[in-house]
Amino acid sequence: MTPASTRASRDTAPASTHAQYDAALRRGILDEAMHRLRDGGPENLGLRPLASSQGTSTTAIYTMFGGKAGLLAAVAHEADRQLAGELRGSLRHDSVEGDMRSLCRAYRHWALENQGLYGLVVGEPVRSPRPGVGGGAGDADADQQWREPLLEVVDALVDEGVFRTADVHETATAIWASLHGVVSLELSVWRDSPSAEQYFETQLAAILRSWAAGGAGESRLRSSVAG
């Protein structure tokens, strides 16, 4: 083959396989991974069948996500964003105490509908082995997005005197710990119990009562029970 024909051959050769790994393929892999993880744990996510469902190979997953750990980090980041959106969407802004109840109920509902993703969001942080591969935005140690609506509502409750004066971050963390506890029990023990919702509502009332400022604060919380 002459030098000229060699150059022509290179010019007309197919593009690198990696050039086919575009944003659409990445989105397809991520969406399918989220679908498969909605009800199951990470140990059940096989990369080969996942790649096959998108008409590609596992090489694409390793190239775009850095492997399974990176893919799980990206899923956790996206699930975190979705939960944050669900919590913000639950706020009616008619009253801060009503917003608090609505937010807590939305948290429970999302967890029940997305048990596998819930574990990725609130469990041990899942991080990509390659910086910037997992979530694609922000530092891996940054606060989760879903915490922001909770912090804002707790801050408003303290500001309006419904909750007693306390550090907002500590208060929100304590409230979340109680919420996570009762939701985790429902997922693992009470999932089929007809009393599960009542257990949650009883715990929610106890959580809010424990942070009430007293007097007018307790009165406002009682009046929001049916909210």
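Bear in mind these aren't lab numbers, they're just calculated from the coordinates by the rules spelled out. Since the structure is predicted, the reported quantities are computational estimates derived from the model, not experimental observations. FYI the Cβ positions are ideal-geometry reconstructions off the backbone, even for glycines, and counts take in every protein chain you see.
Packing, taken as the mean count of other beta carbons within 10 Å per residue, orders the peptides 93-102, 47-56, 70-79 from highest to lowest as 70-79, 93-102, 47-56. Computed from phi, the 3J(HN,Hα) profile of segment 94-107 under the Karplus parametrisation 6.51, -1.76, 1.60 (θ = phi - 60°) reads 7, 7, 5, 5, x, 4, 5, 5, 5, 5, 5, 5, 5, 4 Hz, with x in place of Gly and Pro. Less than 5 angstrom separates the built amide H of PHE163 from those of VAL158, ALA213, all sequence-distant by 5 or more or on a different chain.
In this simple spin-label approximation, HIS35 and ALA205 carry label points 7 Å from Cα along the Cα→Cβ vector, and these lie 4.2 nm apart. If you take the Cα centroid of segment 64-121 and the Cα centroid of segment 31-63, the two points sit 21 Å apart. Between ARG191 and HIS169, the modelled labels are 3.5 nm apart [label points 7 Å from Cα along Cα→Cβ].
Using a Förster radius of 30 Å, what is the FRET efficiency between GLN20 and GLU43 based on their Cβ-Cβ separation? Nearest 0.05, please. Here the calculated transfer efficiency is 0.55.
Contour minus end-to-end for ARG105 and ARG81, with contour as 0.36 nm per residue of separation and end-to-end as the Cα-Cα distance? Using 0.36 nm per residue and subtracting the Cα-Cα distance, I get 6.9 nm.
Distant-in-sequence amide contacts of GLY67, defined by a placed amide H-H separation under 5 Å and a gap of 5 or more residues or a different chain, comprise TYR62.
Peptide packing: for 165-178, 104-117, the average count of neighbouring Cβ atoms within 10 Å per residue gives the ranking 104-117, 165-178, highest mean first.
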